[in-house]
1. Check which residues have an amide H placed less than 5 Å from Thr75's amide H, if you skip close sequence neighbours.
2. My understanding is that a pair violates if its Cα-Cα distance is over 20 Å; which of Lys105/Lys150; Lys150/Lys196; Lys96/Lys150 do that in this structure?
3. At 222 nm, what value in deg cm²/dmol follows for the chain if DSSP H runs of at least 4 each add -39500 (n - 2.57) and the sum is divided by all its residues, to the nearest 500?
4. Where the centre of each part is set by its Cα atoms, how far does segment 70-120 sit from segment 22-65, in angstrom?
5. Shape verdict for segment 29-113, please, from the Cα gyration tensor: rounded (a/c under 1.5), prolate (a/b greater than b/c) or oblate.
6. Taking θ = phi - 60°, what integer Hz values does the Karplus form 6.51 cos²θ - 1.76 cosθ + 1.60 yield along segment 53-68, in sequence order, with x for Gly and Pro?
7. Under a cut-off of 15 Å between alpha-carbon atoms, report the aspartates and glutamates in cross-link reach of Lys59, not counting same-chain residues fewer than 8 places apart.
8. Using amide H atoms built in the peptide plane, which far-off residues or other-chain residues are under 5 Å from Asn84 H to H?
Amino acid sequence: MTLSEEIRILGIDDFPHSRISKGPVTIVGTLFRGSKLMDGLLSTTINYDGIDVTQKLIKLINSSKIKSQLHAIITDGITFAGFNTLDIKQLNSKTKIPVISVVRKKPNLSKIKNALKHLDDIENRINMIENAGKMHEVQVTNHTLSRPKKIYFQCSGISIEEAQELIQLTSINGIVPEPIRIAHLIGSGLFFGESKGRA
């Protein structure tokens with residue numbers, strides 16, 4: 001993969017959601033040219049605590065006219081809408097696009113397993129979490145940070161070094177890649193009436 005300011009990246013995050021209502025949750029994807037210019041927007045809905053996020057994203061991306069432009073997909077973690085777990089290897093395999101999942105903190109697998117106890121298809125969910133592979137880290141530095149900070153990631157279809165470089169290239173405001181940061185702002189703004197919180 002050739003990394004440049006013109007590389008096309010899809011950043012994916014979910015809308016805020018309620019554990020009480022447990023209704024359908026919207027997923028938003030922002031198409032970015034590098035880290036500075038948003039070129040498009042995709043969206044779909046998934047079930048709260050469901051198991052449909054992988055298939056919904058595969059269908060959304062493969063049926064989109066922007067697919068041919070994409071060089072990478074960056075997701076805000078691998079769990080959406082509660083514990084609707086994304087299989088990043090299957091998403092990579094079915095779309096033929098590299099996938100990077102980023103998180104601010106290393107997940108605690110034992111706590112996650114405990115939280116999954118009340119859900120159906122526990123083994124499949126745990127397998128997807130473990131199948132995402134080893135958690136790596138990268139130091140992010142930019143004009144908004146007083147010092148370099150770590151962010152953690154898992155990846156499929158892309159080397160660790162290229163994933164680190166892509167995260168560094170796109171993290172221009174704080175430590176979260178810009179496509180995810182903007183997807184979060186759009187989601188919270190449409191849900192609450194104004195954007196709030198952080199990706």
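Each reported figure results from applying straightforward, stated rules to the coordinates on display, with no laboratory input. Quick caveat: nothing in here was measured; it's all calculated off a predicted structure. So basically every Cβ, Gly included, is an ideal-geometry build from the backbone, and we count neighbours across all protein chains shown.
1. Sorted by chain and number, the residues that satisfy this are Ile12, Ile100, Ser101, Val102.
2. Values: Lys105/Lys150 9 Å; Lys150/Lys196 23 Å; Lys96/Lys150 28 Å.
Pairs exceeding 20 Å: Lys150/Lys196; Lys96/Lys150.
3. Details: 6 runs with 61 residues, N = 199.
Helix contribution divided over all residues of the chain: -9000 deg cm²/dmol.
4. Here the two parts' Cα centres lie 13 Å apart.
5. Values: a/c = 1.91, a/b = 1.49, b/c = 1.28.
Taking the square roots of the gyration eigenvalues as a ≥ b ≥ c, segment 29-113 is prolate.
6. 5, 4, 5, 5, 6, 4, 5, 4, 6, 5, 8, 8, 6, 8, 4, 4
7. Asp87
8. Asp49, Gly50
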